[in-house]
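Step one of this worksheet: look at the structure below.
The values are calculated or read from the model by the stated rules, or taken from the named source; none is laboratory data. Just so you know, these numbers come straight off a predicted model, no measurement behind them. Ideal geometry is used to build each Cβ from the backbone, glycine not excepted, and the neighbour counts take in all protein chains shown.
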Amino acid sequence: MKRAEKIIEIESLLENLLKRNREGSLLRMKILFFSSLYENLSIGMIIEKLGIKKTNFALMTAELEKEGCILLKKSSLDKRCRMIELTNKGRAELDAFLKDIEKSLGASSPEIDYTLEKLNNFLNKII
């Protein structure tokens, strides 16, 4: 199978894994995750990392802010930039989601961890 075909297959399988037996949208969890991972990135940079439309991001962040999962604030370095801060409620929701995924994955091994790290590094270099 060609690399491009394998990437499409992997993406589909991962999306199914992340959606299985979980309430809420996958986009919601991605926004919480990237907000946690990249605390000092602007909203524009997070949108770029997610590869989604600004309107979809705006709708979901408005919902997350209304529910108290995130705070939208202006950057202390550049008042034109807005930043996302994860609240305790948002972090708890994300942590529960991640624990559920870990449980679904079962036991790990050094080989699996190494392969995931290599794939992550490769994709971060080309994106």
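Could you please give the count of residues in the stretch 49-60 that are part of a helix (DSSP H, G or I) and either modelled with pLDDT of 85 or more or over 26 Å from Ser104 (Cα atoms) (or both)?
Pass one, the stretch 49-60, residues part of a helix (DSSP H, G or I): 49-50, 54-60.
Pick out the ones that are also either modelled with pLDDT of 85 or more or over 26 Å from Ser104 (Cα atoms) (or both) and you get 50, 54-60.
Residues in the stretch 49-60 being part of a helix (DSSP H, G or I) and either modelled with pLDDT of 85 or more or over 26 Å from Ser104 (Cα atoms) (or both): 8 in total.
Considering every residue within the stretch 105-118, establish whether at least one is touching a Gly at 6+ places or on another chain (Cβ under 7 Å) and either assigned to a helix (DSSP H, G or I) or free of Cβ contacts under 8 Å to residues at least 40 places away in the same chain (or both).
Within the stretch 105-118, the first condition is being touching a Gly at 6+ places or on another chain (Cβ under 7 Å), and the residues that meet it are none.
The answer is no; no qualifying residue exists.
Within the stretch 16-38, is there a residue that is farther than 15 Å from Glu85 by Cβ, at pLDDT below 85 and among the acidic types (Asp, Glu)?
Looking through the stretch 16-38, at least one residue is farther than 15 Å from Glu85 by Cβ, at pLDDT below 85 and among the acidic types (Asp, Glu).
Being surrounded by 15 or more Cβ atoms within 10 Å (Cβ to Cβ), modelled with pLDDT of 90 or more and of a type in the set (D, E, K, R) narrows it down to one residue among Glu65, Glu5; which is it?
Values: Glu5 fails: surrounded by 15 or more Cβ atoms within 10 Å (Cβ to Cβ).
Answer to the check: Glu65.
Give me the residue from the stretch 25-48 that is touching a residue at least 40 places away in the same chain (Cβ under 8 Å) and exposed (fewer than 15 other Cβ atoms within 10 Å of the Cβ) and, out of that set, farthest from Gly106 (Cα to Cα).
For the stretch 25-48, the residue satisfying everything is Asn40.
Among (1) in contact with an Asp or Glu (Cβ under 9 Å, 6 or more places away or on another chain); (2) farther than 25 Å from Leu14 by Cβ; (3) modelled with pLDDT under 90, there is one condition Lys79 misses while meeting the rest; what is its number?
Result: Lys79 passes all but (1).
If a residue must be within 19 Å of Ile46 (Cβ to Cβ), surrounded by 12 or more Cβ atoms within 10 Å (Cβ to Cβ) and of a type outside the set (D, E, K, R), how many such residues does the stretch 81-126 contain?
Going through the stretch 81-126 one residue at a time, the tally reaches 9.
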